[in-house]
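Note sheet for the following structure.
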């Protein structure tokens, strides 16, 4: 897997690499600060929680819950302040955007912006905690290992279904349905 970002890690480093089936993100935040994050993953058919990274002391708390398996993470973006500390974060799925959390909508902030687009190749998070806050965040990206993955679609599922028209029923036909 490829390990992307951040440009600086400070404090206690954490790693959730290989945990790619994310179903929920919990975020404690306030203006210009991401206080804490926790992730829920599916591992061997069970939902498991990561440890809490940072402290749950933010004035705001949000949960991002994905409608699995139809909805999955495709990108993460945010901003770092002049000291390199994460001040806002947003998540985008194949269906919608969640956030930004922390920070404020000020395109003139002068902060360093980041955006990691990885499509359906998400492979987990990593980052660091400093002074009881999430200091940085990055992602793992799984490289394509087959043509089916390259097309970002699951292989077709086949089932037999009767075919009808004005003349009656024809013998069963095998029809492919692409489920994405």
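Just so you know, all these numbers are worked out from the coordinates, no wet-lab data involved. Here the structure is a predicted model, which is why all the values come from computation and not from measurement. Cβ atoms come from the backbone with ideal geometry, glycine included; neighbour counts cover every protein chain shown.
Annotations
- Residue exposure proxy: 73, 4, 26, ordered by other Cβ atoms within 10 angstrom of their Cβ from fewest to most, comes out as 4, 26, 73.
- Estimated at 0.36 nm per residue, the fully extended path between residue 94 and residue 10 surpasses their Cα-Cα distance by 27.1 nm.
- Neighbour counts of C-beta atoms inside 10 Å place 89, 42, 74 in the sequence 42, 74, 89, starting with the fewest.
- Cut-off 16 Å (backbone N to label point 7 Å along Cα→Cβ of residue 32), residues of segment 63-96: 79-89
- Taking the square roots of five times each eigenvalue of the Cα gyration tensor of segment 1-97, the equivalent ellipsoid has semi-axes of 22, 15, 15 Å, listed largest first.
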